[in-house]
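I am attaching a structure below and will ask some questions about it afterwards.
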Amino acid sequence: MQLTLRTWGNYLGNIVDFISFALVFVLLGMVCASYRYDVILAVGAVEMLLLFIRLVFFASMTDSMGGLVRMVVSIIKDMKHFFIMLGMLFGGFAIAFYVLLVRLCRILVVLRAELLVSIWHHVAQPALNLHAPFLRDQPPLVIDARH
């Protein structure tokens, strides 16, 4: 069999190896370019996942683990349609929660602003006597609770 790009790409291990090696250089470039730490951490986590997948492919070469690894890979291939459907379902929920939280955050910002204005008008200004300097010499207001 002739080795072409198509036959090389048919084996998942080759693709994982290539992406893993490329991510090492991407990570080095990101560190040298002083990217944010959380972005570097996320790319590093993807690289770790790919390294463990490569370890599974190396484990498939041994006699004791080869059959087990092939069986697990076969089961995952059979479940790909389920994972696609599950991903679409999770994506729909994620988008719905995002929309709800954005609207909720806007409502909370407005309520917080109204609360701060209310606190300023009812607590801070009377305590500082900023709204009526001519009332500073007046006795405090007594509220009769008997009515």
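Here, each number is a calculation from the coordinates, and none is a lab measurement. It should be emphasised that the depicted structure is a prediction, and the values quoted were computed from it without experimental measurement.
With the radius of gyration and the Kirkwood radius both derived from the Cα set of the range 1-78, what is their ratio Rg to Rh?
Numbers: Rg = 15.6 Å, Rh = 14.4 Å.
Computed over Cα atoms, the ratio is 1.09.
Using the alpha-carbon centroid of each, what span in Å lies between the range 1-22 and the range 34-68?
16 Å
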